[in-house]
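Derivation of every value follows stated rules applied to the coordinates shown; laboratory data play no part. Being a predicted model, the structure only gives us computed values, none of them experimental. Glycine gets a Cβ as well: all are built from the backbone with ideal geometry, and neighbour counts include every protein chain shown.
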Amino acid sequence: MPVDFKSLGLSNTKEMFKRAMEGKYAVPAYNFNNLEQLQAIITACAETKSPVIIQVSKGARSYANEILLRHMAAGAVEYARSLGSQIPICLHLDHGDSYDLCVSCIESGFSSVMIDGSAHSYEDNIALTKKVVEYARPRDVSVEGELGVLAGIEDHVSHAESKYTHPEQVEDFVGRTGVDSLAISIGTSHGAYKFKVKSQAEIPPLRFDILEEIEKRIPGFPIVLHGASSVMPEYIKMINDFGGDMAGALGVPEEQLRRAAKSAVCKINIDSDGRLAMTAVIRKYLKENPKEFDPRKYIGAARSALVEVLKHKNEMVLGSAGRY
Ligand code: G3H
Ligand code: 13P
Ligand code: ZN
């Protein structure tokens with residue numbers, strides 16, 4: 001029996017993005033793979049009164065089990081309400097790579113899916129994306145498409161170089177597919193090594209000229225920014241200080257994300273920053289407490305750090321705090 005996302009108390013992205021566009025902020029899209037990440041996301045977003053998109057990648061589904069993740073997401077709504085929060089929560093498939101995967105997520109209660117056809121030719125991307133929209137639309141599930149290719153690893157597809165989105169294609173793509181939002185490539189990439197430069201000061205700016213050109217061609221249309229972790233230097237230092245080796249890890253400076261959030265960018269995807277904060281704190285905790293063997297202690301410490309990181313993102317970077 002298909003599960004309607006509304007019966008789980010979840011929201012699609014329509015109202016979220018409308019309000020984000022009007023209020024000139026971006027809705028955070030945070031990935032989760034386990035209980036503690038989900039707890040941290042909901043706690044941080046409830047405490048800062050921020051709408052939130054909790055997203056599940058194909059990798060997360062195979063790591064944590066799709067059934068468990070979806071029940072956790074349904075539980076997350078109840079958990080937020082128990083904290084006295086009315087924030088909207090969207091359950092989203094991140095980087096869906098096939099029609100069948102999108103259908104399976106929609107049938108199991110996801111309120112939004114991404115169909116990432118960016119590895120295909122332009123026409124094949126359109127055909128695949130349109131097919132997913134045709135399935136999702138009657139069920140009121142939102143669909144995110146992607147045009148352009150991000151450098152780095154997109155699940156199992158690796159790309160040596162990013163191919164920026166061609167602004168002249170966006171109108172045709174959005175019109176022919178019927179997507180609700182569009183992920184674009186303007187210089188971000190996934191993971192902790194986003195730029196091949198030596199220092200923070202040398203990080204090249206994102207291609208805001210391409211973003212502006214896209215906004216002119218599809219005014220008021222929700223844009224999505226993937227690969228938007230800042231790779232916070234304090235956590236890279238903590239990792240390196242406590243036995244790790246992440247030399248050269250660099251991300252997107254916060255001021256550039258703030259600028260993007262004020263534009264048509266309505267959804268900002270952040271995964272790596274949470275992973276880095278948790279790893280750093282766990283490394284430090286275990287080094288400083290060599291006799292400790294209760295996972296609740298070190299994962300709990302990591303969860304607390306994650307709450308603070310996400311609150312900072314909502315308040316100081318995305319501008320999504322205090323909106324609900
Ligand atoms: O875009 C990729 C996300 O960070 C998810 O990563 O495929 O390792 O779960 P993952
Ligand atoms: P980061 O690796 O920069 O956190 O990007 C995450 C992402 O885009 C998930 O889809
Ligand atoms: Zn992504």
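Checking the table 24/313; 198/267; 24/198; 24/216; 18/49; 163/267 against a 26 Å threshold on Cα-Cα, which pairs fail?
Exceeds cut-off: 198/267; 24/198.
Taking the alpha-carbon distance from residue 297 and a cut-off under 21 Å, which lysines remain once sequence neighbours fewer than 8 residues away in the same chain are dropped?
Residue 297 reaches 284, 287.
Report the net charge of residues surrounding residue 147, where surrounding means a beta-carbon distance below 12 angstrom and charges are Lys +1, Arg +1, Asp -1, Glu -1.
Numbers: positive: 163, 176, 217; negative: 116, 144, 146, 168, 171, 172.
Net charge in that neighbourhood comes out at -3.
Can you pull the Rg over Rh of region 105-237, Cα-only, Kirkwood? Walk me through the numbers before you get to the answer.
Details: Rg = 15.9 Å, Rh = 15.9 Å.
Value, to two decimals: 1.00.
Suppose the Debye formula is applied to equal point scatterers at every Cα of the chain; what is log10 I(q)/I(0) at q = 0.14, 0.15 Å⁻¹?
Taken in order of the listed q values, log10 I(q)/I(0) reads -1.09, -1.26.
Which value, in Å to one decimal place, does the Kirkwood hydrodynamic radius take for region 211-315 when every pair of different Cα atoms is included?
About 15.4 Å for region 211-315.
Rounded to a whole number, what is D in µm²/s for region 1-97 from Stokes-Einstein with the Kirkwood radius over alpha-carbon pairs (20 °C, 1.002 mPa s)?
Numbers: Rh = 13.7 Å.
Once the numbers are plugged in, D ends up at 157 µm²/s.
Per the helix-only calculation at 222 nm, which mean residue ellipticity applies to the chain, given -39500 (n - 2.57) for every DSSP H run of n ≥ 4 and division by its residues, nearest 500 deg cm²/dmol?
-14000 deg cm²/dmol
Once the piece of chain linking residue 123 and residue 291 is laid out straight, how much longer is it, given 0.36 nm per residue of separation minus the C-alpha distance between them?
Using 0.36 nm per residue and subtracting the Cα-Cα distance, I get 54.7 nm.
Could you list, bin by bin from short to long, the percent of Cα-Cα pairs of region 52-94 in 10 Å steps?
29, 51, 20, 1
Can you list residues from other chains, or at least 5 along the same chain, whose modelled amide H is less than 5 Å from the amide H of residue 183?
The list, which skips near neighbours in sequence, is 145, 146, 147, 224.
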